[in-house]
Amino acid sequence: MKIDLTGKNALVTGSTRGIGRGIAEAFAQSGARVAVVGRDLQRAEEAASAVGNNAAGFAADVGDTAAIAKLVGDVEKAFGSIDILVNNAGITRDNLVMRLKDEDWDAVQNANLRGAFAAIRAVSRGMMKKRSGRIINIASIVGLIGNKGQANYAASKAGLIALTKSVAKELGSRNILVNAVAPGFIETEMTAAMTQEARDALGQQIALERLGSVQDVAAMVAFLASDLASYITGQVFVVDGGMVM
């Protein structure tokens, strides 16, 4: 069955590049109208133009809850409503825990977890009125298994998974479905900087012996946003090629 998001309005944070950009493109190709969000408006508008005629660019700092509330209001004003929210934006500030600074801990929690909470809070009222909605949080396998040098990032993604399950229980009676997708190692600008030795070592840990693609993650997100997933909520879908099974 083909995924059809015709008539749906989607907001995807952190969607000027990488996984977020792939999700925005998958939504647009499935007929949705997409709000492409980045920190810089010009870059967001350029990305939206590339995504398609059904996309528009918006700027917001996801670590700022007031900015997130304004973003949601602006998108609702421009589109009329928000049917799908994807919390994809996130940052890393890696270091061993003994060397991790307070500001690096706080920055990661604010962007990765607090920002998602603020966006969910902001869209939930409109979704509750419509008695319909999809919220999809992009977590990480690191939130399930941890990773050396990423205590702050792992904690934020584990928190995002717990947030997903809690909100799914709160909003389920209003037909608002809330799920999380936990990607493994995906081919992005970040992984492109890895050495071949590091890539080979990773491949040995993955059942499919390769890194995933942005499209692998986007396909799962598009499915969860569609009517095909109308009886799925509170779940975490791991897209990692069999790395942590």
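Bear in mind these aren't lab numbers, they're just calculated from the coordinates by the rules spelled out. Note that the structure is a prediction, hence the values are computed from the model and not measured. So basically every Cβ, Gly included, is an ideal-geometry build from the backbone, and we count neighbours across all protein chains shown.
Counting only lysines at least 8 places from Lys101 when in the same chain, those with an alpha carbon closer than 20 Å to its own are Lys148, Lys157. Once the Cα atoms are used to define both axes, helix 115-130 deviates from the longest principal axis of the chain by about 30 degrees.
Taking max minus min of the alpha-carbon positions on each principal axis, the chain gives extents of 48, 42, 38 Å, largest first.
Cα axis of helix 214-225 to longest principal axis of the chain: angle in degrees, 0 to 90, nearest 10? So the inclination is approximately 40 degrees.
As a size descriptor, the averaged projected area of the C-alpha convex hull of the range 158-245 was calculated at 6.5 nm². Using the Cβ-Cβ distance between Lys165 and Val97 with R0 = 30 Å, the FRET efficiency computed as 1/(1 + (r/R0)^6) comes to roughly 0.70. As a proxy for reagent exposure, Asp4, Asp104 were ordered by neighbouring Cβ count within 10 angstrom, fewest first; the result is Asp4, Asp104.
Which FRET efficiency value, to the nearest 0.05, do you get for Gln204 and Thr6 by plugging their Cβ-Cβ distance into 1/(1 + (r/R0)^6) with R0 = 45 Å? Walk me through the numbers before you get to the answer.
Working: r = 43 Å, r/R0 = 0.95.
With R0 = 45 Å, the Cβ-Cβ based efficiency is 0.55.
Under a Cβ-Cβ cut-off of 9 Å, what is the net charge of the residues other than Val214 that fall near it, where Lys and Arg count +1 and Asp and Glu count -1? The partial results should precede the final answer.
Numbers: positive: Arg21; negative: Glu25, Glu187, Asp216.
Taking every other residue near Val214 into account, the sum is -2.
Extent along the principal axes, Cα only, for the range 72-191: 47, 29, 26 Å, with the longest axis given first.
Bridgeable aspartates and glutamates around Lys165 (alpha carbons under 12 Å apart, same-chain partners fewer than 8 residues away excluded) are absent.
Would you mind ranking Thr164, Thr191 by Cβ crowding within 10 Å, fewest neighbours first?
Numbers: Thr164 25, Thr191 15.
Ascending Cβ contact count within 10 Å gives the list Thr191, Thr164.
Only bridges whose two residues both fall in the range 9-235 count here: according to DSSP, what percent of them are antiparallel, nearest 5? Show your work: numbers first, answer last.
Details: 0 of 24 bridges.
Of all bridge pairs located within the range 9-235, approximately 0 percent are antiparallel.
Relative to the current alpha-carbon distance between Ser81 and Gln215, full extension at 0.36 nm per residue lengthens the span by 45.6 nm.
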